[in-house]
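Reading through the structure tokens given below for one structure.
Values in this text are rule-based calculations from the coordinates and carry no lab data. Given the structure is predicted, the values throughout are model-derived calculations rather than measurements. Ideal geometry is used to build each Cβ from the backbone, glycine not excepted, and the neighbour counts take in all protein chains shown.
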Amino acid sequence: MNHAENKNIWSKMKEKLHKYSFLGCLLLAGIVFFTWTDNWQVYTEPLQETYTKGVLLAEQLVEGKWPGISGEQSDATGSVSGNVPGENVKTGDTVSDGNQTDQTMGTVQSPATGEEAAMPETTGTETQDPAATVPVEEIPQEVVYHTVDDSYFDDAVFIGDSRTVGMYEYGGLEETSTFYASTGLTVYKMFDSAIVSVPGQKKKITVEEALSEKQFAKIYLMIGINEMGTGTVESFMKAYGEAVQHLQELQPDAVIYLQAIMKVTTERSEQGDYITNEGIGARNAEIAELADDQKIFFLDVNPLICDETGGMVASYTYDGVHLKAQYIPIWLDFLKEHAVE
């Protein structure tokens, strides 16, 4: 290979380097940005979901099954959901458990034998105990909250994702309260994540291990924004409910505060991906149902940080999702004003 050929090859290499150097710098800047802001999951999960749906669609086409014909619905993970054998199926206002009830005839027909069993008949002459027939309605007691100072959180642990990290960094409780929080934390890996530093050691232990070693009087849980692109409201709540139950097992004497998922700005909600205030609201409504107002309480700071459109006030956030440092006190003051003895 002569000098002219070498020079020609080197010239082509320089052209390619010059051509793709900008793209390389742009990719590197993107990696640095998303690593710093912890927004990887916002984009990786939709891509994974799209890939899964694409694979499922391809398999159905190969097998000659055209989606939408059978009336089955697929969830966000690509699995098909229908009537599962053994589960109760709601039909209108009735629930079928394997026996079919004819409400107009007052008989129960067994699907196995087809025989009809007569329903109990009343003649109107029987005497019944009035106390047994008149239901006693329990009047729900309104929770009485108290206003406390920072010392109330001395025996509290805050568990959550990057939003709770913001409370740790700018709430002024880092010296007295305990924080088991990490950017990107989800309810699915909440107990398995090694995010808790061990004093005097370089290693970290899991939240499960940390809660097993130390007991707290209060637990503040704020989690759910990173899970918006995974599964459905039902699958999320199944994992969330199991997590709350496990917290009770690990911390039987603790009062648990379930914090509503903070909404995002209306502009962020309308971007067209899976993070929407409608989805957040659906999950918050289900989280509220877990509160018994005795040992588990539901706290929703959203009315204080949202505008008339229902989304987070745009000036309160730098990315449409996380509160700016100067607005963290709104959240903390809300917690101080909603404490139980």
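Key figures for this structure:
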read-out	value
Gain in span if fully extended, Ile330 to Ala217, counting 0.36 nm per residue against the direct Cα distance	38.4 nm
Residue (of Pro199, Ala288, Tyr220) at the positive-pole extreme of region 150-336, dipole from beta-carbon charges	Pro199
FRET efficiency, Ser197 to Ser11 (Cβ-Cβ, R0 56 Å, nearest 0.05)	0.55
Among beta bridges that DSSP assigns inside region 150-336, antiparallel share in %, nearest 5	25 percent
Pairwise label distance in nanometres, Tyr20 with Asp155, each label 7 Å out on the Cα-Cβ vector	6.2 nm
Amide H within-cut-off set for Phe179, under 5 Å, with H built and near neighbours excluded	Phe158
